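Just below is one structure, and these are the notes that go with it.
The values are calculated or read from the model by the stated rules, or taken from the named source; none is laboratory data. Note that the coordinates shown come from a computational prediction; the quantities given were computed from them, not determined experimentally. For neighbour counting, all protein chains shown are included, and Cβ atoms are generated from backbone atoms with ideal geometry for every residue, glycine included. The accessibility values were calculated without ligands, DNA or RNA, using every heavy atom of the protein model including side chains. Shrake-Rupley method; radii C 1.70, N 1.55, O 1.52, S 1.80 Å.
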Amino acid sequence: MIKLIIHLVYFKWKAVVDYSQGLDFNRVLQGQESIRRPSTFYRSSPTDLWTLIRLKKVLSQANTKRVLDIGCGKGLALRWFSHLSTITTLVGLELDVEVSRIVKSNFDKLNSNVTIININALEYNEYHDFDTFYFYNPFSEEVLEAVLKKILIQRYNQRTTIILNNCRSSIIEAEGKSKLDESFLTIWNNKVEI
């Protein structure tokens, strides 16, 4: 309960500070996503504070260099990851045009080297350029499986970190392409697997 209260207070405070700087990392857009097929994507929401803290530690220990956030939403996880000195490349993929515009504006205002690409993850073909992939419940299991297949093919025999937050993949388990290094629950009881 204490973690939840701290999370809520922190994000309320951060939202006020961000708003004063013309940034929008936390507000969830209502209605925009309902126009599309709900079976292929999900409404975005920011990653919780405790998960971000833990993931930052995991990525630092793994000596991560190039991170791709697939279904990055407004880029909150990318913002946190951008503070890691080991990371040289940060890219977010986002399908929604309006959300992409907002996240690009956020990072432009921060003078950040984060790149945002407005594209369907199924159409993206540069997965080989990254060593770490972050998914926070971005789309249906069917689409997730197809994207993971592309990643595993393009990253064949290379060290790859895949972080699944509130999503599960049977393909990784079935193909034995990954060793589960860590698993934990978020404050919302979502399972994170690394």
Selection from the stretch 89-123 of residues touching a residue at least 60 places away in the same chain (Cβ under 8 Å) and among the charged types (D, E, K, R) yields 96, 98, 109
Which pairs have Cβ atoms under 9 Å, sit 6 or more apart or on different chains, and link a residue in the stretch 140-158 that is within 17 Å of residue 66 (Cα to Cα) to one that is open to solvent by 50 Å² or more (accessible area, probe 1.4 Å) and acidic (Asp, Glu)? 152/175; 154/126; 154/129
Among the residues of the stretch 54-94, which ones are open to solvent by less than 70 Å² (accessible area, probe 1.4 Å) and among the β-branched types (Val, Ile, Thr)? 58, 64, 67, 70, 86, 87, 89, 91
When residue 110 is evaluated against the numbered criteria (1) touching a Lys or Arg at 6+ places or on another chain (Cβ under 9 Å); (2) open to solvent by less than 40 Å² (accessible area, probe 1.4 Å), which criterion, by number, is the only one it fails? (2)
Applying the selection to the stretch 113-161, what residues are part of a strand (DSSP E or B) and either crowded, with 18+ Cβ neighbours inside 10 Å or of a type outside the set (A, V, I, L, M, F, W, C) (or both)? 115, 116, 118, 132, 133, 134, 135, 136, 161
Mind listing whichever residues of the stretch 95-107 are within 17 Å of residue 143 (Cα to Cα) and open to solvent by 20 Å² or more (accessible area, probe 1.4 Å)? 95
